[in-house]
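Here the structure is laid out as structure tokens; the discussion comes afterwards.
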Amino acid sequence: MEFLRPATLPEALSVKAERPGAVPIAGGTDVMVELNFDHRRPEALLDLTGIAELAEWSAEDGTVRLGAGVPYTRLIEQLGKRLPGLAMAARTVGSPQIRNRGTVGGNLGAASPAGDTHPVLLATGATIEVASVRGTRTIAAEDFYLGVKRNALEPDELITAVNLPDTKAPQQFSKIGTRNAMVIAVCSFGLALHPEQGRVGAAIGSAAPTPRRSRAAEDFLSGELTDAGLWESPEPLRDSVCRRFGELVAEGTEPIDDVRGSAAYRKHALSVLARRTLGWAWQEYRAGERSCA
């Protein structure tokens, strides 16, 4: 197995075009596990850690552009207020050592249904920048996941950045595991309020072949908030609304039974996570609206 170390992004794209079977590696927190267990044996590894521009982030015109190589630790420390939901998800990833190495770009490349950042990317409406020698294109997060550990990248493409809204609106992430830390999610849920658009973003992880938006739940809650005028005058949510929201989230799943949990448990847990995260996010929204009044 060859180990390729380009120094610039154009050089990396050129190598990827010539060697489409080369597997990109940044933090290596997913790739090295697969290699160690002999689940994967690529012809070459393409080391992206020396490419400075992939480890940068910027904020402009209401959007944060997060380089694919920015590690979770920097995301938490530097972008916790700009990207609260993603920072919450990042805090649940592995151990401090893993968070020092792992990246959102790597999470996207692996495309595991249980990846911790995926529900937040879907709920916030993130887009993924990918590049090749042929040019650059942008893929909506909801179009990125094609199947279990399958994504929309072409063989010669690399993930270069993720674009997310720079907003002060409440966001939440919650997950259940078999222990409190260093655990793969049994199921997970991301929620983002978009008051300027009058809508809610919601998405599940580890409860379907791919991470996915909970569209029926989104539409229901967005309609309830808009019809009742709650975006402008946020009153406490009726318990029936919260419960129906949780039910719709659970109904939109396709979980399996595995060593981490049963399909029935995942459905029940997601209905509870959905209600709780909605309660936390709405409480924060009400507090924010009152402080601005």
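General observations
- Which listed residue, of 152, 141, is open to solvent by 10 Å² or more (accessible area, probe 1.4 Å) and either farther than 20 Å from residue 269 by Cβ or touching a residue at least 40 places away in the same chain (Cβ under 8 Å) (or both): 152
- One residue stands out among those in region 260-290 that are over 19 Å from residue 185 (Cβ atoms) and not hydrophobic (A, V, I, L, M, F, W, C): the one that is modelled with the lowest pLDDT, which is 290.
- Scanning region 257-283 for residues that are over 16 Å from residue 214 (Cα atoms) and open to solvent by 30 Å² or more (accessible area, probe 1.4 Å) turns up 257, 258, 259, 260, 262, 264, 265, 279, 280, 283.
- Filtering region 66-93 to residues that are buried (at least 17 other Cβ atoms within 10 Å of the Cβ) and not in a helix (DSSP H, G or I) leaves 66, 67, 68, 69, 70, 71, 82, 83, 92, 93.
- Sole residue being modelled with pLDDT of 95 or more, touching a helix residue (DSSP H, G or I) at 6+ places or on another chain (Cβ under 8 Å), within 23 Å of residue 120 (Cα to Cα) and open to solvent by 20 Å² or more (accessible area, probe 1.4 Å), chosen from 247, 254: 247
- Residue 286 being among the charged types (D, E, K, R), surrounded by 15 or more Cβ atoms within 10 Å (Cβ to Cβ) and within 20 Å of the chain's Cα centre (by Cα): no
- Scanning region 192-216 for residues that are among the small types (Gly, Ala, Ser) and either modelled with pLDDT under 95 or open to solvent by less than 40 Å² (accessible area, probe 1.4 Å) (or both) yields 192, 198, 201, 202, 203, 205, 206, 207, 208, 214.
- Hey, residue 164 in a strand (DSSP E or B) and either among the aromatic types (Phe, Trp, Tyr) or open to solvent by less than 10 Å² (accessible area, probe 1.4 Å) (or both) or not: yes
- Per the listing 189, 173, the residue uniquely in contact with a helix residue (DSSP H, G or I) (Cβ under 6 Å, 6 or more places away or on another chain), open to solvent by 10 Å² or more (accessible area, probe 1.4 Å) and either among the hydrophobic types (A, V, I, L, M, F, W, C) or not in a loop (DSSP other than H, G, I, E, B) (or both) is 173.
- When region 21-60 is filtered for residues that are open to solvent by 60 Å² or more (accessible area, probe 1.4 Å) and part of a loop (DSSP other than H, G, I, E, B), the ones remaining, listed by number, are 30, 37, 38, 39, 40, 41, 43, 49, 56.
- Qualifying positions in region 192-220 - under 17 Å from residue 279 (Cβ atoms) and in a strand (DSSP E or B): 192, 193, 200, 201, 202
The values are calculated or read from the model by the stated rules, or taken from the named source; none is laboratory data. Source: prediction; values computed, not measured. All Cβ positions, even for glycine, are placed from backbone atoms using ideal geometry, and neighbour counts span all protein chains on display. Keep in mind that these areas ignore ligands, DNA and RNA; they rest on the heavy atoms of the full protein, side chains included. Shrake-Rupley method; radii C 1.70, N 1.55, O 1.52, S 1.80 Å.
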